[in-house]
Amino acid sequence: MFHGHDISNDTKDRLLRWFRMIDRHLRGLLAGGQSPLVLAGVDYLFPLYKEANSYPNLMEGGISGNPEKLRPEELHDQGWALVEPVFKKTREKAAARYRQLAGTGQTTTDVKEAVSAAHQGRVDVLFVAVGVQVWGRFDSENDRVYVHESSEPGDEDLLDLAAIRTLVQSGTVYAVAPEEVPDQSPLAAVLRY
């Protein structure tokens with residue numbers, strides 16, 4: 001018996017080999033990542049996959065049932081219900097870190113400073129307000145940021161630029177509702193140095 005289902009040792013061995021092969025491929029795809037991995041399938045196979053798994057962020061629960069019977073939106077919604085608390089907890093820890101470091105020179109809410117720091121790889125964590133734009137230009141050769149009251153020809157959203165540069169430099173970005181940005185600014189950054 002295998003959690004209520006009679007699986008022969010031969011079948012179990014074949015499934016374990018298959019799951020180990022999947023695990024090897026996922027390791028390559030998810031290497032260095034911190035994203036949670038959610039299993040979707042018949043629940044009696046979850047313990048067997050967990051035996052083959054080497055990815056450290058495999059979620060404890062999973063989406064039980066035949067995923068082929070679910071629309072992609074349903075699969076996403078069920079998966080999101082499992083991982084949202086993980087993301088929320090991580091974001092709350094980052095916000096607490098920001099508050100702890102505020103006033104030490106290791107944080108900023110200044111858009112110009114944040115864009116420049118992101119370009120230099122100094123932003124570790126960045127909170128950006130969703131739906132808010134700060135227009136301007138970044139002159140990377142001279143490390144100068146120009147902020148404009150409204151969009152001018154050649155401008156870009158500096159919040160998007162800061163987020164992209166932070167991600168490129170292996171930082172973490174949280175796109176949140178404006179009221180969830182620490183210090184109620186369009187952005188808030190924790191600096192590496």
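Side notes on the structure shown:
- Unique match (being surrounded by fewer than 20 Cβ atoms within 10 Å (Cβ to Cβ), touching an Asp or Glu at 6+ places or on another chain (Cβ under 9 Å), among the aliphatic types (A, V, I, L, M) and farther than 15 Å from Gln169 by Cβ) among Ala95, Ala129: Ala95
- Only listed residue being of a type outside the set (A, V, I, L, M), surrounded by 12 or more Cβ atoms within 10 Å (Cβ to Cβ) and over 22 Å from Gln169 (Cβ atoms), chosen from Asp77, Asp110: Asp77
- Between Gly32, Gly105, Gly4, the distinction of being exposed (fewer than 13 other Cβ atoms within 10 Å of the Cβ), on the phi > 0 side of the Ramachandran plot and modelled with pLDDT of 95 or more belongs to Gly105 only.
- Elements of the type strands (runs of 3 or more DSSP E) sitting completely within region 97-193 and holding at least 1 residues that are polar (S, T, N, Q): these cover 172-176.
- Taking the listed residues Glu51, Glu60, the one that is part of a strand (DSSP E or B) and of a type outside the set (S, T, N, Q) is Glu60, with no other qualifying.
- Which listed residue is under 20 Å from the mean Cα position of the chain (by Cα) and not assigned by TED's automatic domain parsing to the domain that holds Gly32, from Asp143, Asp160, Asp139: Asp160
- Qualifying residue in region 82-105 (condition: touching a helix residue (DSSP H, G or I) at 6+ places or on another chain (Cβ under 6 Å), among the hydroxyl-bearing types (Ser, Thr, Tyr), closer than 30 Å to Val125 by Cβ and not assigned by TED's automatic domain parsing to the domain that holds Ala117): yes
- Selected residue [surrounded by 13 or more Cβ atoms within 10 Å (Cβ to Cβ) and of a type outside the set (A, V, I, L, M, F, W, C)] from Asp160, Asp139: Asp160
- Of the criteria (1) surrounded by 16 or more Cβ atoms within 10 Å (Cβ to Cβ); (2) in contact with a Lys or Arg (Cβ under 6 Å, 6 or more places away or on another chain), which one Gly171 fails: (2)
The values are calculated or read from the model by the stated rules, or taken from the named source; none is laboratory data. In this text, all values refer to a predicted model and were calculated from it rather than measured experimentally. Using ideal geometry, Cβ is built from the backbone for each residue, glycine included, and neighbour counts are taken over all protein chains shown.
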